[in-house]
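Participant: Structure below; questions to follow.
Just so it is clear, none of the values below were taken in a lab; they were calculated from the coordinates. Just so you know, these numbers come straight off a predicted model, no measurement behind them. Note that each Cβ is placed from the backbone with ideal geometry, even for glycine, and that neighbours are counted across all protein chains shown.
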């Protein structure tokens, strides 16, 4: 049985340990394939995808982009919401059935900007599927930032980075199939 | 993704450091059993279990060394491929499976960082390097690796509380609110998790 001093020391170890990285689902599949000598079913290369988006989505995204821009401006103006000393600004994403995510962006450092993503109410993607977070740049390029999955209970907390100089006006999450999916479903959006 | 240049760090570390690594407690089979099954029987199921146990700690380690998540994906993949190929080189008597896998992942990351060191043209200013000494850096990486393994081995409901408290910086009252649990339950789960982790991190506890 551990005494209180043991527990305090474990706490101190936890306090000085950085958050673990989320393992990208695509990398996991590729690692298994590489190790087992099978042809990889997926690639870990980050894809930049151009989509034909439906009209309703383009209208909604314009409104959402405006809302997100206002939200970012408000958060910047009031100096953040206390999500840690490194947080520069935060954005919220929401989806059907109460699914939501909060993304805390840190100040840019070493060429990257770290984000801490808190997801709630999003059921696990299921076998053969994963979630992917995207950003749209001012040039209307869709840039994949990170892949992840949620635990039982629909929650996930993980860190990822985007290039420090990357500007974007819209962020969303899709549910994707390992090996590719022609029409990924959008599950969260700003 | 942006590629961040990384300074190469010497790899040399005394092998005895790995043999002192405590084994993370799992339900049977142990990591050592699994690794031996991979070596002896080329057991893909055993390898998949090892992957489940170690993927996050290995990936976090290589990203921490490389400071580049994108390259880290490739290096973690290569590290697991090396585990599969080199499993026969593991001998239980020389130390834990965790230590052996840590060494493989760290070496893969350092090899990758060396390959990415940019060619220096001209004379560098003579300034002290502010980064930690190689040994101190390796010990810190080892501790983080072990803490991540210990956290990953917790039951889901305890792991969730620990991650929110220590990796997301939430107060216990905020965790209670987010998980819709009584504050007392959060405190109980936190204490239970710390108690479960203490023996896994016994050697560091004594430091």
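Participant: Taking 7 Å along the Cα-to-C-beta vector as the label spot, tell me the residue A:92-residue A:12 distance in nanometres, rounded to one decimal.
Facilitator: Roughly 4.0 nm, to one decimal.
Participant: Within 10 Å of each Cβ in peptide B:80-87, how many partner chain Cβ atoms are there on average? Round it to a whole number, please. Can you show the working numbers first?
Facilitator: Details: counts 8, 8, 2, 2, 6, 2, 0, 1.
For peptide B:80-87, the averaged partner shielding equals 4.
Participant: Per-residue mean of other chain beta-carbon atoms within 10 angstrom of the beta-carbon, peptide B:42-48?
Facilitator: Working: counts 2, 0, 4, 0, 0, 3, 3.
Taking the mean over all residues of the peptide, I get 2.
Participant: Taking neighbour counts of Cβ atoms within 10 Å as a proxy for exposure, in what order, fewest first, do B:90, B:54 appear? Mind dumping the intermediate values first?
Facilitator: Numbers: B:90 21, B:54 26.
Fewest-to-most ranking of B:90, B:54: B:90, B:54.
Participant: In addition: To make sure I understand, if each residue's beta carbon is the centre and we count other beta carbons within 10 Å, what order do B:61, B:50 fall in, fewest to most? Provide the component values of the computation, followed by the final result.
Facilitator: Values: B:61 28, B:50 24.
Fewest-to-most ranking of B:61, B:50: B:50, B:61.
Participant: Consider a paramagnetic label point 7 Å from the Cα of residue B:115 along Cα→Cβ; state which residues of region B:54-75 have an amide N under 20 Å from it.
Facilitator: Label zone hits: B:58-75.
Participant: Further question: May I ask for the equivalent-ellipsoid semi-axes of region A:120-190, computed as the square root of five times each C-alpha gyration tensor eigenvalue and listed largest first in whole Å? Please report the intermediate quantities before stating the final value.
Facilitator: Details: eigenvalues 94, 42, 22 Å².
Whole-Å semi-axes of the equivalent ellipsoid: 22, 15, 10.
Participant: Relative contact order, percent, of region B:155-207 when contacts are C-alpha pairs under 8 Å separated by at least 6 residues?
Facilitator: Working: 26 pairs, mean separation 18.6, N = 53.
Computed over region B:155-207, the figure is 35 percent.
Participant: Arrange the peptides A:89-100, B:66-77 so that the one whose residues have, on average, the most other Cβ atoms within 10 Å appears first.
Facilitator: B:66-77, A:89-100
Participant: Could you calculate the FRET efficiency of residue A:129 with residue B:177 from 1/(1 + (r/R0)^6), where r is the beta carbon distance between them and R0 is 30 Å, rounded to 0.05?
Facilitator: For R0 = 30 Å, the calculated efficiency reads 0.50.
Participant: Same structure, new question: 7 Å from Cα along Cα→Cβ at both residue B:92 and residue A:137: what's the point-to-point distance in nm?
Facilitator: Here the modelled spin labels are 5.4 nm apart.
Participant: How crowded by other chains is A:119-126, given as the mean number of beta carbons from other chains within 10 Å of each beta carbon? Please list the in-between numbers first.
Facilitator: On the way: counts 0, 2, 0, 0, 0, 0, 0, 0.
For peptide A:119-126, the averaged partner shielding equals 0.
Participant: A further question on this structure: Using r as the Cβ-Cβ distance of residue A:167 and residue B:195, and R0 as 41 Å, what FRET efficiency do you calculate, to the nearest 0.05?
Facilitator: Working: r = 47 Å, r/R0 = 1.14.
In this case the efficiency is close to 0.30.
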